[in-house]
Amino acid sequence: MSDPWVITVLVENSVQRAGLQAEHGLAVHLQAGDRAVLFDTGQTGLVLRNAAALGLHWDGLDAIVLSHGHYDHTGGLAAVRAAAPHARRFLHPAALAPKFSRGPDGAGRYIGMPRPAAQALVNDPAVTWTPSPVEVIPGLFLTGAIPRNTGFEDTGGDFFLDPACTRPDPLEDDQALFFDTREGLVILLGCGHSGVINTVEHIRRLTGRRPIHTLLGGLHLLRASAERMRRTLAAFHDWQPRQIAAGHCTGLPALARLWSEFPARCLPCAVGSRLAVPAP
Ligand SMILES: [Zn+2]
Ligand SMILES: [Zn+2]
């Protein structure tokens, strides 16, 4: 029997334990026996300092997975690559595109991957490009691009591919990580720019509609319409996940709704949070 995965939040917007630090971003470490994967890298090299404080080592890291190209998920990539040069890199090709968000003054602000890190990936033989689903290491999968089927979920913000903010960024690079356990699926979202319903339903189609055990990560519901919020909560009632560890860009109003509707199922998603999940 293989070891169960232990999931440790290394970078998130909030922090739960002394000796650790938070930043706007996400990085999650997954370990099962001698297999280890990093999902996103945070905004800076903070991921390394928090890992050191938690006693996590990089020697055996098998893979670095990027959920999408935004700076708060890819900014730590250069630091992690240096610490774990043998880890394979997994990302959708569109993660390398220049990315901008429109500020309140209408001007575009660069929010893509740091350009040197993006440049270093272009001809990197250790990259696996993931336009479609991929098995990262045995039993651990990436969705690749997620079909957008619900009409009411959007990318969650004013995201563009050009500094003049004329070409909307569909965030087609957005993808989720998942694996199955004896009690159902464990799903990790970066920012959930595809929409959490699109994401979860895509994974359920890929896995023969397995139950959902754990949902962790950013749901980007900060600007969700009332209809989107209502239908998202209805989907959670339908899925009945055992553990909901929403954080990062989920937004306080959405977090408050989740925590009040699923008080026994919600868990903190903060730097230092550790989640155990059932064995495969
Ligand atoms: Zn983010
Ligand atoms: Zn994002």
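Structure notes:
- In the stretch 211-230, residue nearest to Val200 (Cα to Cα) [restricted to those that are small (Gly, Ala, Ser) and away from ligand 2 (no atom under 13 Å from the Cβ)]: Ala224
- Only one entry of Ala83, Ala51, Ala79, Ala87 meets the criterion of being surrounded by fewer than 24 Cβ atoms within 10 Å (Cβ to Cβ), within 24 Å of Ile244 (Cα to Cα) and away from ligand 1 (no atom under 16 Å from the Cβ), and that entry is Ala51.
- Only a single criterion out of (1) within 16 Å of ligand 1 (Cβ to nearest atom); (2) within 21 Å of Leu188 (Cα to Cα) is not satisfied by Ser101, namely (2).
- All conditions but one from (1) under 18 Å from the mean Cα position of the chain (by Cα); (2) outside any loop (DSSP other than H, G, I, E, B); (3) of a type outside the set (Val, Ile, Thr) apply to Leu171; the one that does not is (2).
- Candidate set from the stretch 179-196 (those that are assigned to a strand (DSSP E or B) and surrounded by fewer than 22 Cβ atoms within 10 Å (Cβ to Cβ)); member that is nearest to the chain's Cα centre (by Cα): Asp180
- The listed residues are Gly42, Gly19, Gly25, and the only one of them that is away from ligand 1 (no atom under 16 Å from the Cβ), assigned to a loop (DSSP other than H, G, I, E, B) and modelled with pLDDT of 95 or more turns out to be Gly19.
- All positions within the stretch 59-73 that are near ligand 2 (Cβ under 10 Å from one of its atoms) and either among the aromatic types (Phe, Trp, Tyr) or under 16 Å from Thr128 (Cα atoms) (or both): Ser67, His68, Gly69, Tyr71
- Matching strands (runs of 3 or more DSSP E) fully within the stretch 197-280 where at least 3 residues are in contact with a Phe, Trp or Tyr (Cβ under 9 Å, 6 or more places away or on another chain): 212-218
- Those residues of the stretch 84-94 which are more than 18 Å from Leu26 (Cβ to Cβ) and either of a type in the set (A, V, I, L, M) or within 13 Å of ligand 2 (Cβ to nearest atom) (or both), in sequence order: Ala94
- Leading residue by the ranking (nearest to Leu216 (Cα to Cα)) among those in the stretch 5-16 that are within 17 Å of the chain's Cα centre (by Cα) and part of a loop (DSSP other than H, G, I, E, B): Glu12
- Put simply, of Leu206, Leu216 the only residue that is within 16 Å of ligand 1 (Cβ to nearest atom) and either buried (at least 24 other Cβ atoms within 10 Å of the Cβ) or of a type outside the set (D, E, K, R) (or both) is Leu216.
- Tally of residues being within 16 Å of ligand 2 (Cβ to nearest atom) and touching a Pro at 6+ places or on another chain (Cβ under 8 Å) across the stretch 231-255: 1
- Residue that is farthest from ligand 2 (Cβ to nearest atom), among those in the stretch 160-178 that are crowded, with 24+ Cβ neighbours inside 10 Å and in contact (Cβ under 8 Å) with a residue 60 or more places away in the chain: Leu177
The values are calculated or read from the model by the stated rules, or taken from the named source; none is laboratory data. Because the structure is predicted, anything quoted here is derived from the model rather than measured. Heads up, the Cβs are rebuilt from the backbone with ideal geometry, glycines too, and the neighbour counts pull from every protein chain shown.
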